[in-house]
Amino acid sequence: MNYQLLNTDFLQGVKSIPDQSIDLVIADPPYGLGKDYGNNSDMKSADEIVKWTINWIDLVLPKIKETGGLYIFTTWRNSPEIFSLIKKRMIMINEIIWDRKVPSMGGSTRRFSSVHDTVGYFVISKNYYFDIDAVRISYNPETKKARSRSIFEGSKWLELGYNPKDVWSVSRLHKLHREREDHPTQKPLEIIERMIKASSPVNGTVLDPFGGSGTTLEVCINNNRNCIMYELNPDYCEIIKKRINTPRTMNLFENID
């Protein structure tokens, strides 16, 4: 396996990636919500975020294989504009709602509380890679018994589990979560693992343009995928190095750009 962590602005570093070499892009870019990432990257207006997003999308598109795809996290505030523009460049497969399972505690009294992130799943062509069997959800004994009528006997889906829906209810990472790192918008391993296992082959290459806390890299290491990760903030690169410091990867980060 080949793993790279590059302390470089992706808009500059992308030039070194060979064309049509990437199986899957997982992008969790700044949303424009004013989060502190150690720089001003999340302080842009909505219009600036949309323009900037399409700029890096256009840079990454030639790097994706014909069978490849892209997952992009965003906020409901900007997703209509961003998805509409990406649809002019790629085929949209899913809009996924990540229900962060935020408890009901206060919130605005002038609107419904926002407790989700929006994720777009796009592909280059109709010949895209997708392995639903790798991410099926097993039925529990009670549910399986309810579907064990004779008409279901021998059904593959009954034994392997059901297809995940497009609403993913996975708790956001609280301070007490074991996998939590010092990053304001860290994504859970469960979500990134589902994306990588379903949308990239074993031994394939996953690109993460905005590495953050290193979740994508950890999932790739655990699931036999190559990974190229860019992260502009050197402090986050240090977090990633500590997070991935295992016997399998002890020599991984000797040459950080």
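Quick notes on this one:
- The length gained on full extension between LYS101 and ASN163, counted as 0.36 nm times the residue separation minus their Cα-Cα distance, comes to 20.3 nm.
- Likely footprinting exposure, GLU218, GLU48, fewest C-beta neighbours within 10 Å first: GLU48, GLU218
- Spin-label model, LYS15/ASN94: points 7 Å from Cα along the beta carbon direction are separated by 3.6 nm.
- For the pair ARG243 and ASP131, label points projected 7 Å from Cα toward Cβ lie 2.3 nm apart.
- Available extension along the chain between ARG111 and VAL170 is 18.9 nm, counting 0.36 nm per residue and deducting the alpha carbon span.
We did not get these values from a lab; they are worked out from the coordinates using the rules stated. Because the structure is a prediction, the values reported are computed rather than measured. When we count neighbours, we look across all protein chains shown, and the Cβ atoms used for this are built from the backbone with ideal geometry, even at glycine.
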